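Note sheet for the following structure.
Just so you know, all these numbers are worked out from the coordinates, no wet-lab data involved. Quick caveat: nothing in here was measured; it's all calculated off a predicted structure. No Cβ is skipped: glycine too gets one built from the backbone with ideal geometry, and neighbour counts run over all protein chains shown.
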């Protein structure tokens, strides 16, 4: 397993994405929702990997919209969207915004755009279980 570090712009929120996959083998995507488009997000998850978000005191904002089941993690100091987490089956799963990783330039600058607007909660959770990973938030 390799740890890929990153952070928000000001460094108050750090990220460590861990995976046994090479960056070139990772599936990166873009969500068509207005939040992700406005943040220019490119996200990925590795069900065999994990992601840890650590935030300095008072620097992590959690934003929920749409179905209200996901916390979008944003630095309250610089506004960078670093990833998202969701409580599912008793544990936290999540994705990382590759723009927050130090190796961000390794990934496709314009991966496929996916529209999830028609999903209900059950379908959204089922899809995320396939692609998201174990997540930890320390704030």
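Using Cα-Cα distances under 8 Å and only pairs 6 or more residues apart, what relative contact order does the chain have, in percent? Provide the component values of the computation, followed by the final result.
Working: 296 pairs, mean separation 44.6, N = 139.
After rounding, I find 32 percent.
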Using a Förster distance of 41 Å, how high is the FRET efficiency between residue 37 and residue 1, based on the Cβ-Cβ distance and rounded to 0.05?
0.80
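Using only helices, what value at 222 nm comes out for the chain when you add -39,500 (n - 2.57) per DSSP H run of length 4 or more and divide by the total residues, to the nearest 500 deg cm²/dmol? Show your work: numbers first, answer last.
Working: 2 runs with 17 residues, N = 139.
My calculation for the chain gives -3500 deg cm²/dmol from helical runs alone.
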Which of the following values of mean projected area of the Cα convex hull in nm² was calculated from the structure shown: (1) 9.1; (2) 7.7; (3) 9.7?
(2)
Give me the one-decimal nm value for the distance between modelled label points at residue 22 and residue 67, 7 Å along each residue's Cα-to-Cβ direction.
3.4 nm
